[in-house]
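Engineer: Please see the structure below; I have some questions.
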Amino acid sequence: MAPQNVTVFRPHPLKVGQKIRIEGGPRAGDWEVIGVTDRKLKLKCPISGREVEWDRFCYFVEERTGLEWPQRE
């Protein structure tokens with residue numbers, strides 16, 4: 001077989017208290033991680049206070065330092 005370019009995704013081991021930014025899609029925005037299980041992820045919006053629980057979906061892309069959080073658009 002010939003070598004191919006392959007995009008590899010790896011689940012990110014999120015921790016309670018982490019501040020994350022999801023760019024793109026229906027879950028886009030700034031969130032604080034408030035709960036993590038093997039199957040579920042509980043997040044809180046730092047602006048509205050809204051809490052959501054979703055199946056784990058986050059994959060690590062990059063980590064940036066010195067960003068404004070939460071981001072005000």
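Read-outs: derived from the displayed coordinates by stated rules, not from any lab. Fair warning: this is a prediction, and the values are worked out from it, not measured in the lab. Cβ coordinates were reconstructed from backbone atoms using ideal geometry, including for glycine residues, and neighbour counts include every protein chain displayed.
Engineer: If you count, for each residue, the other Cβ atoms within 10 Å and average over each peptide, how do 26-36, 46-56 line up from highest to lowest? Please report the intermediate quantities before stating the final value.
Structural biologist: On the way: 26-36: 15.5, 46-56: 10.9.
Most protected by this proxy first, the peptides run 26-36, 46-56.
Engineer: A further question follows. Residue 37 to residue 9: FRET efficiency via 1/(1 + (r/R0)^6), r the Cβ-Cβ distance, R0 22 Å, to the nearest 0.05? Don't skip to the end; give the middle numbers.
Structural biologist: Working: r = 20 Å, r/R0 = 0.91.
Step by step, r from the Cβ atoms, then E = 0.65.
Engineer: Another one. For residue 21 and residue 59, calculate 0.36 nm times their separation in residues minus their Cα-Cα distance, and state this gained length in nm to one decimal.
Structural biologist: Working: separation 38, 0.36 × 38 = 13.68 nm, distance 1.16 nm.
Taking 0.36 nm per residue and subtracting the Cα distance, the gain is 12.5 nm.
Engineer: Let me ask you something else. I want to check the label-to-label distance for residue 28 and residue 44. Put each point 7 Å from Cα in the C-beta direction and report it in nm to one decimal.
Structural biologist: The answer from the label model is 2.5 nm.
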